[in-house]
There are 2 protein chains.
Amino acid sequence: MANKWVDCGGMETRGAPRRLRGAATWLLGQTTIHAHRLVSDALGAVDARRYHYSLMAALDEFGEASQADLGRRCGLDRSDVVATVNELADKGFLERRPDPADKRRNIVSITPSGMAHLRHLDRVLGQAQDALLAPLSVAEREELVRMLNAVLEHHG
Amino acid sequence: MANKWVDCGGMETRGAPRRLRGAATWLLGQTTIHAHRLVSDALGAVDARRYHYSLMAALDEFGEASQADLGRRCGLDRSDVVATVNELADKGFLERRPDPADKRRNIVSITPSGMAHLRHLDRVLGQAQDALLAPLSVAEREELVRMLNAVLEHHG
DNA sequence: GCCGGTCGTTGGCATGGCCAACAAGTGGGT
DNA sequence: ACCCACTTGTTGGCCATGCCAACGACCGGC
């Protein structure tokens, strides 16, 4: 859903206090706001959310898994995994079947239709990311990713 | 309030899908989560929030202003400015007086006690930011800030 | 067979960011 | 002088996000 920031070009954060404009934490937050908007709008246009992509990407990469495993992989709470798997299963992108070897677990797997949808989301998100990082060169983007990874690993 | 991520070092997002780990938007989001936690915890320890700092920084830099102006400067909704000014005025950090030249407006100004508090928050936030960016060299931090500013300006 | 721990699931809660509506007030046009 | 569009402060509410607590079912080791 496009909102004020998207519609009319946003507030004049250009005139924000220098203390904020100079603080990396604030810059990160502001940039993430834009990223979230671009991504959410892009995903919303195909009736998807962030969690959808996370789970399906994990299933594609690691193969079928239990819901708890999926949650750990993606950093989602178990309860949120339930809701997200429900949504995706309703659309036919995921399948949920009981694990015969452990009756507590559900084995979640991605369907062919889900794979197609995932690739579609890949393209959609790629465009959103390009839009976000438009002013940065390829080298700069790699540098940015490298630094963010360093920070995350340090706090991992 | 420290929570799970802070307490036990966070989930194993190290094992997150490569599609996520490689996406700048996701990395930004994850990094911002850590930044938010560090900042919120640091501010919470002195009974403050993000909005507090934004408003007081704006008042310090630009001098007294109406609430609507403050909101535009900092990118806050008018209604959120009301609540934040209430909190800060209750603590004696801000003063609100009617504008004689325009009876619709309130003129908000920062008090000496507010200035002292602002400087305290400056130190607290500086530490939080240092903690966040610990693995980056000074040159890298400047590069990061430069790139984020470029992105923000492009979308400004 | 018991017990600590894990699983899926439900329900709820706090926060943040936003929007809508309102009365009071302003300024420009006529 | 009046009207009209607009702004301002304020209240109230909405919804998505990220959590946490508790439950019954179930597992594994002792």
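The table for this structure:
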item: Cα-based Rg and Dmax for chain B, where Dmax is the largest Cα-Cα distance (Å); result: 18.5, 61
item: Probe 1.4 Å, accessible area per residue of the protein assembly as shown, Å²; result: 51
item: Efficiency of FRET between B:Ser109 and A:Ala150 - r from beta-carbon atoms, R0 51 angstrom, step 0.05; result: 0.75
item: DSSP H segments from chain A that extend 15 Å or more along their own axis, Cα-based, with Kyte-Doolittle mean of 1.6 or above; result: none
item: Length released on extending from A:Arg49 to A:Val82, taking residue separation times 0.36 nm less the Cα-Cα span; result: 10.4 nm
item: Relative contact order (percent, whole number), the range A:59-112, Cα cutoff 8 Å, 6+ residue spacing; result: 41
item: Surface share of carbon and sulfur [accessible, 1.4 angstrom probe, percent] for the range B:1-151; result: 51
item: Chain A: relative contact order in percent, alpha carbon pairs under 8 Å with at least 6 residues between; result: 21
item: Solvent-accessible area buried by A and B, counting both chains, probe 1.4 angstrom, square angstrom; result: 5600
item: Heavy atoms of B:His117 accessible to a 1.4 Å probe, total area in Å² rounded to 10; result: 30
item: Sites A:Glu61 and A:Glu95 - FRET efficiency at Förster radius 22 Å, r taken between beta-carbons, to 0.05; result: 0.80
item: Test item: B:68-75 mean partner chain Cβ contacts at 10 Å; result: 4
item: The range B:70-156: C-alpha gyration tensor shape, a/c 1.5 cut-off, then a/b vs b/c; result: oblate
item: All aspartates and glutamates inside 19 Å of A:Lys103 as judged from Cα atoms, apart from same-chain residues fewer than 8 positions distant; result: A:Glu64, A:Asp69, A:Glu95
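The values are calculated or read from the model by the stated rules, or taken from the named source; none is laboratory data. Keep in mind that what you see is a predicted model, and the values were worked out from it rather than measured. Cβ coordinates were reconstructed from backbone atoms using ideal geometry, including for glycine residues, and neighbour counts include every protein chain displayed. Accessible surface is based on the protein model in full, side chains and every heavy atom, while ligands, DNA and RNA are left aside. Shrake-Rupley method; radii C 1.70, N 1.55, O 1.52, S 1.80 Å.
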